[in-house]
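Read through the structure below, which is laid out as structure tokens, and then see the notes.
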Amino acid sequence: MHDEILFSRPLRTPNELSNLAAVLESGHSHGDGAFTARATARLQQITGSARALLTTSCTHALELAMLLLDLGPGDEVILPSFTFPSAATAVVSRGATPVFVDIDISSGNIDPAAVGEAITARTRAVIVMHYGGVPADLEGVFQFTAMRGIAVIEDNAHGLGGIDAQGRRLGTVGAFGVQSFHDTKNVQCGEGGAILLNDDALFTRAEIIREKGTDRGRFLRGDVDKYTWQDVGSSYVPSELNAAVLDSQLASFYQIQVERFRIWNTYADALRDWAGDLGIRSMADKTWLLHSAHLFYLLMPDRAGQSDLISHLGAHGIRATFHYVPLHSSPAGRRFGRTSGRQDRSHSFSERLVRLPLWPGLTDAQVSRVLEAVLSYRPRR
Ligand SMILES: *Cc1c(COP(=O)(O)O)cnc(C)c1O
């Protein structure tokens with residue numbers, strides 16, 4: 001029996017240990033030191049964003065965005081039911097109401113028409129998630145939001161480096177973009193995140209909210225001679241220890257992406273005919289200008305196909321997995337949220353999706369083993 005092939009495994013990049021040693025020896029391991037500045041500059045270069053702030057997580061970046069919008073009870077924020085819970089918890093943390101809408105099943109991303117139907121006088125923002133780093137239809141969403149002054153937030157936890165059909169870098173198109181550096185993401189530092197502020201006017205306030213409501217940022221730059229409590233806030237500044245690892249990871253970003261695309265493209269090519277013959281949809285059936293190779297999925301014809309393929313691969317020592325359970329159907333979603341319209345596509349996508357192992361460092365031999373096991377799968381009926 002071969003070793004098990006893991007679903008995901010964080011990559012080690014060359015400078016992590018030396019960067020960490022430098023932080024520990026410097027005696028400065030709290031946030032906003034030299035590695036935070038370097039990692040932020042790299043993130044700005046990769047995304048093209050002029051205004052980025054590292055945070056302790058993507059969830060905290062979403063919370064920061066909610067504080068910036070002065071969201072409160074009675075306000076509504078529209079988001080896809082098929083996404084990670086953080087978008088909803090950030091809304092609920094302000095006492096506002098998450099409103100769940102259905103997805104476009106060809107991408108797994110929010111359906112702009114469903115956004116249009118969910119808008120009320122209370123709608124303050126829409127959180128769009130680029131599933132698997134495949135660009136969501138932002139122009140479609142803007143059709144409903146732009147005239148009404150509704151903010152669009154891009155949850156770009158999957159999509160670092162992605163580019164949409166208009167040639168824009170993901171995370172920089174809405175009012176805010178948020179990133180995750182959790183160790184399951186393309187670039188990681190254990191736990192970490194960032195917010196990209198695409199509206200310059202909000203930068204100073206974002207900096208204050210991130211630093212416990214104080215203007216310590218201005219003080220550190222020498223713009224003021226003491227710092228004081230200015231506004232609402234929290235502690236969203238990551239330690240230099242995290243930034244040290246992140247700096248090394250971001251320096252290797254393009255090599256990481258080349259590795260991920262090598263595996264993604266191998267899966268796409270090798271599974272095309274097999275999937276077509278069995279009525280299985282592959283993530284590669286549609287083309288996008290540039291996704292991020294964050295994940296590779298197959299959409300089985302039905303729910304039984306999902307559990308059957310996952311157990312078939314498990315029997316071959318390969319960890320494949322499903323993904324999000326639609327939020328509107330979850331215990332907290334029912335308690336805190338409102339559901340707009342039918343969620344059939346979210347359910348269907350969720351119960352048919354199978355993700356294959358995809359991480360840099362997966363060897364050619366391991367990729368071949370995954371493919372052999374997938375290609376040997378036949379539906380029961
Ligand atoms: C991982 C993830 C998050 C949460 O990121 P953290 O950094 O762990 O808070 C949010 N949204 C999406 C889409 C994610 O994949």
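The values are calculated or read from the model by the stated rules, or taken from the named source; none is laboratory data. What you see is a predicted model; the values in this text were computed from it and never measured. In this analysis, Cβ positions are derived from the backbone assuming ideal geometry, glycine residues included, and neighbour counts consider all displayed protein chains. Accessible surface areas use protein heavy atoms only, side chains included; no ligands, DNA or RNA. Shrake-Rupley method; radii C 1.70, N 1.55, O 1.52, S 1.80 Å.
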Stokes-Einstein D for segment 16-252, Kirkwood Rh over Cα pairs, 10 °C, 1.306 mPa s (µm²/s): 88
Peptides 90-102, 277-289 ordered by average Cβ neighbours within 10 Å, highest first: 90-102, 277-289
Accessible area in the full protein assembly, largest first, 1.4 Å probe, for SER234, SER248: SER234, SER248
Segment 148-183 and segment 234-307: distance between their alpha carbon centers, rounded to Å: 16
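Averaged per residue, what accessible area in Å² does the chain show with a 1.4 Å probe, protein chains only?
On the way: 15990 Å² over 381 residues.
Each residue of the chain exposes 42 Å² on average to a 1.4 Å probe.
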The chain - mean residue ellipticity at 222 nm from DSSP helices (-39,500 (n - 2.57) per run, n ≥ 4, rounded to 500): -12000 deg cm²/dmol
Among beta bridges that DSSP assigns inside the chain, antiparallel share in %, nearest 5: 50
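Do you know the relative contact order of segment 16-252, to the nearest whole percent, from alpha carbon pairs under 8 angstrom that are 6+ apart? Present the calculation step by step, with values, prior to reporting the outcome.
Working: 517 pairs, mean separation 62.1, N = 237.
Relative contact order comes out at 26 percent.
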Of GLN249, GLN257, GLN166, the one that fluctuates the most in a GNM where the chain has Cα springs shorter than 10 Å: GLN166
Charge dipole of segment 30-126 about the Cα centre (unit charges at C-beta), most positive-ward option of ALA121, ILE78, ILE46: ILE46
Within segment 117-274, percent of DSSP bridges classed antiparallel, to nearest 5: 50
Using θ = phi - 60° and Karplus 6.51 cos²θ - 1.76 cosθ + 1.60, couplings along segment 302-311 (whole Hz; Gly, Pro as x): 7, 4, 4, x, 4, 5, 5, 5, 4, 6
5 angstrom amide H check on SER57, placed H, neighbours 5+ away: GLY193
Helix axis angle, 58-68 relative to the chain longest principal axis, alpha carbon, degrees: 50
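Counting only protein heavy atoms and a 1.4 Å probe, tell me what percentage of the chain's accessible area is made up of carbon and sulfur. It would help to have the intermediate numbers written out before the result.
Working: 8350 of 15990 Å².
Heavy-atom surface of the chain belonging to carbon and sulfur, 1.4 Å probe: 52 percent.
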With DNA, RNA and ligands ignored, accessible area of ARG42 (1.4 Å probe; Å², nearest 10): 80
Debye, to nearest 20: dipole size of segment 16-252, +1 on Lys, Arg Cβ, -1 on Asp, Glu Cβ: 380
Mean Cα-pair separation over length for segment 254-375, i.e. relative contact order, pairs under 8 Å, 6 or more apart, %: 34
